[in-house]
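Here's a structure for you.
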């Protein structure tokens, strides 16, 4: 009996030591934050510091909107076809690589939806840039249908994103709905060679790119002003 009581006392003492170490750790962390001029934000449900990393989403939306606006200016005939010389680097670097980087940021934050969106669209823009720059001439007459089939795959992806957006934001859902229309027109145009359908899709693309700029502006302004400045139609 004495042996059992002794071991219980040892376990209690060990538990008290752990609690004291945890209190010391928290106290040290608070003092470090005060010295560095940072105020730690606490979640009342847990003893850990909240995630203060920047939201990479607006950067990805701006990159996507910029590339989309330029490309659809060409598709709609607003810019001459020679403007693709600018679209190639913008598509690969800004709309492509930047969105891939944003996707990795969303992955680290545990955001599955935005990780998938920026990851797939970033890859899309890199492929489009490389296709226009180098690979399209290699495909010859089969290139149009092949590229149309590729875009059709992204139509299916975007339908999935649209269904998800219906549970998030009305503005986001509108953007994805318009992307579905624009990509469908681009796919049909490349498959059939119809310039009129491609031009219509270009105008739809200009509209969704402008709305995407609005979406990015709303997110950035909300962060700066700590309140909703431009409505996005959040779904509750």
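The values are calculated or read from the model by the stated rules, or taken from the named source; none is laboratory data. Fair warning: this is a prediction, and the values are worked out from it, not measured in the lab. Glycine also receives a Cβ, built like all others from the backbone with ideal geometry; neighbour counts cover every protein chain displayed.
Out of everything in region 181-190 that is surrounded by fewer than 20 Cβ atoms within 10 Å (Cβ to Cβ) and within 22 Å of the chain's Cα centre (by Cα), what residue ends up being nearest to residue 62 (Cα to Cα)?
181
To continue, here is another question. Would you check which residues across region 108-130 are surrounded by 13 or more Cβ atoms within 10 Å (Cβ to Cβ) and part of a loop (DSSP other than H, G, I, E, B) and list them?
Once the filter is applied, which keeps residues that are surrounded by 13 or more Cβ atoms within 10 Å (Cβ to Cβ) and part of a loop (DSSP other than H, G, I, E, B), region 108-130 yields 109, 111.
Regarding region 133-144, can at least one residue be identified that is farther than 23 Å from residue 195 by Cα and touching a residue at least 24 places away in the same chain (Cβ under 8 Å)?
no
Please determine, by comparing only the residues of region 50-71 that are within 17 Å of the chain's Cα centre (by Cα) and part of a loop (DSSP other than H, G, I, E, B), which one is farthest from residue 176 (Cα to Cα).
In this case the residue turns out to be 53.
With 94, 86, 79 as the choices, which residue is buried (at least 16 other Cβ atoms within 10 Å of the Cβ) and without any contact (Cβ under 8 Å) to a residue 24 or more places away in the chain?
Only one candidate qualifies: 79.
So, one more: Among the listed residues 205, 193, identify the single one that is surrounded by 18 or more Cβ atoms within 10 Å (Cβ to Cβ), assigned by TED's automatic domain parsing to the domain that holds residue 72, within 23 Å of residue 75 (Cβ to Cβ) and in contact with a helix residue (DSSP H, G or I) (Cβ under 9 Å, 6 or more places away or on another chain). Break it down stepwise before answering.
On the way: 193 fails: surrounded by 18 or more Cβ atoms within 10 Å (Cβ to Cβ).
Selected residue: 205, the only one of 205, 193 that is surrounded by 18 or more Cβ atoms within 10 Å (Cβ to Cβ), assigned by TED's automatic domain parsing to the domain that holds residue 72, within 23 Å of residue 75 (Cβ to Cβ) and in contact with a helix residue (DSSP H, G or I) (Cβ under 9 Å, 6 or more places away or on another chain).
Something else now. Would you confirm whether or not region 131-148 contains a residue that is crowded, with 18+ Cβ neighbours inside 10 Å and over 19 Å from residue 72 (Cα atoms)?
No, the conditions are met nowhere in region 131-148.
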